[in-house]
1. Checking A:Thr291 against (1) buried (at least 16 other Cβ atoms within 10 Å of the Cβ); (2) closer than 25 Å to B:His175 by Cα; (3) not aliphatic (A, V, I, L, M), which test does it fail?
2. What pairs come out if I take residues in the stretch A:25-38 that are in a helix (DSSP H, G or I) and pair them with residues that are of a type in the set (Gly, Ala, Ser) whose C-beta lies under 7 Å away, six or more apart or interchain?
3. Could you say which residue among A:Lys51, A:Lys75, A:Lys79, A:Lys43 is more than 8 Å from chain B (Cβ to nearest Cβ) and not hydroxyl-bearing (Ser, Thr, Tyr)?
4. Scan the stretch B:135-182 residue by residue and report those that are in contact (Cβ under 8 Å) with a residue 24 or more places away in the chain, surrounded by fewer than 16 Cβ atoms within 10 Å (Cβ to Cβ) and among the charged types (D, E, K, R).
5. Name the pairs whose Cβ atoms lie under 7 Å apart, with the first residue in the stretch A:320-343 and more than 11 Å from A:Phe288 (Cα to Cα), the second of a type in the set (Ser, Thr, Tyr) and surrounded by fewer than 17 Cβ atoms within 10 Å (Cβ to Cβ), and 6 or more positions between them or separate chains?
Amino acid sequence: MGNELYNSLEDLVFSRSFRNWVLNENTPEADFWSGWLAENPDKHPMVNQAKAIIYALQLNLRPLPEETVEREIGKVLQKLHEGRFSLPGEEPLRRARSVTRLWRIAAVVAVVAIGAWSLHLHRTHRDVLQTFLADHKATPIVQHTGRTDSTHTLTLPDGSTVMLTPGSRLYYPEKLLTSGHRREVYLDGGGFFDIAHNAVYPFYVYTHSVVTKVLGTSFRISPGTGAGTIITVASGKISVYRNSDLADGIILTPNQRITYDPARDRLDRSIADEPQQLAGNADTSLVFNGTPLATVFHRLQSLYGITILYDEEAVSGCSLSVTMGNEPFYEKLNIICKAIDATYESIDGQIVITTRGCK
Amino acid sequence: MGSINLLDEDLLLWNQFRDGNADAFDRLMRTHYQDLFNYGSRFTKDEDLIKDSIQDLFLTLWTNRLSISETSFVKYYLLKSLRHNLTRAISRSRHYDHPGEAHFENLFNGAPPLETNLIREEHLADLAKKMRKVLAGLTRRQQEVIYLRFYMDADVEEIAEIMSLNRQSVYNLLHDALRKLRRVSPKKAFWFPYLLPLLF
């Protein structure tokens, strides 16, 4: 506990240890806090604020009487025992109607009752593949196995190309197009996809953990750690869904990356490790001479397609005089931030700049 | 420290429950009932509706225990499910008189006034009252984020899951609220009592 730093109001207010001490002097951490207080006299005004906030947050909520809790739990157990009850979500959610037959199976198991939250469905590769194959029973399925020691590129009937990594497999209905107005493939392993554009027939890539929907774009799918999956977009735009919840997709734009964590059944969006400048940018120069910071960020945003969030007010007095060339994206950010004494963070696929402003 | 042991126990109970252990399920319900009820109370005063929603949550949970996988934080999973169930139930029941979404009710407005005799340091009583005022003036979403952060120890990511917001929004809500609180200074409290006699 002594290793944590308490530098901000937030650190104190939300520290259980600090709160316990404020509300009751005789806690085991009392020694730590009186010591810390003595060592940080400059922090006393902040400490007083934190204490006041903690007092203000005390609501003395009346706890439910134990008998009530007992009774309610008893009711649940009784109903389960008798088996006579209906679950709340048994009328289909509006969204579920547009889901194809393939996924209605998944939806039933996922219990639409709980709605947008997935029940951390932990489906194995085998289950999802079986469902995929079963659904395309009417047409012959092509199974393409990649090479064992090198990548292998194949061309699909619509002109899309898939570069499979060693040991990976791709399954798709012979004609690729399904009756449901989709192009569908199942990927076991990893690959780089360059999808031919066709707005009428969106392209779906199924894996054991996630579904990726594209219109026409290029992106990479790689197996992540454990049973996870990583998808990075090179160009275009895709949306990614967890198998457990097909109503709730996350959109990825170029230079964004999504990682599926099977332990938490969660999709985490972040920025690609090495963002590339977008194709189609005629002017890639980055020469700034007393340029207002807002303009600098705007330029960087257009070049890389990555959203940069910053406090407009704080930044209004800042300007930059620097010339940048082929440095990697993060290096460029470092250069800019160093020049204006700012820091940046990558949050949910976007860059957030923190600065106190320039004098 | 102490809270880590609770998490392990929670996880153990969760896995036993998934295996069909009814006692573990009972313990799980008991452990989390109060938190669920308190959170539910933030959305409606209708206690029966809250209890019904919690009941539905547990019934569904048990019925689907075989298809549920592991989870890192049982508490947040349950809070999110309750929020979803309850807000839908409230919206539906409001349909006829007040159509619209259910939302987090103001936590501090109309709460019993600050019990200043419980504040050990007298000089902080005024500051605390000011903080309470600021808290009551926060937006509903800011209050919900503070509620989850402070009373439920949820972090930004967990709050985003529970409230179905993206992380950036939660981050903004939290920091805006803290910024307002940070601006409250005790300085004014010093001159006021001195000026008061001058008014008479």
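1. Checking A:Thr291 against (1) buried (at least 16 other Cβ atoms within 10 Å of the Cβ); (2) closer than 25 Å to B:His175 by Cα; (3) not aliphatic (A, V, I, L, M), the one that fails is (2).
2. A:Phe32/A:Gly2
3. Among A:Lys51, A:Lys75, A:Lys79, A:Lys43, only A:Lys43 is more than 8 Å from chain B (Cβ to nearest Cβ) and not hydroxyl-bearing (Ser, Thr, Tyr).
4. The answer is B:Arg140, B:Asp153, B:Asp176, B:Lys180.
5. A:Cys337/A:Thr343; A:Ala342/A:Thr354; A:Thr343/A:Thr354
All of the numbers you see were taken from the coordinates with simple rules; none came from a lab. Note that the structure is a prediction, hence the values are computed from the model and not measured. Here Cβ is always computed from backbone atoms with ideal geometry, including for glycine, and neighbour counts include all displayed protein chains.
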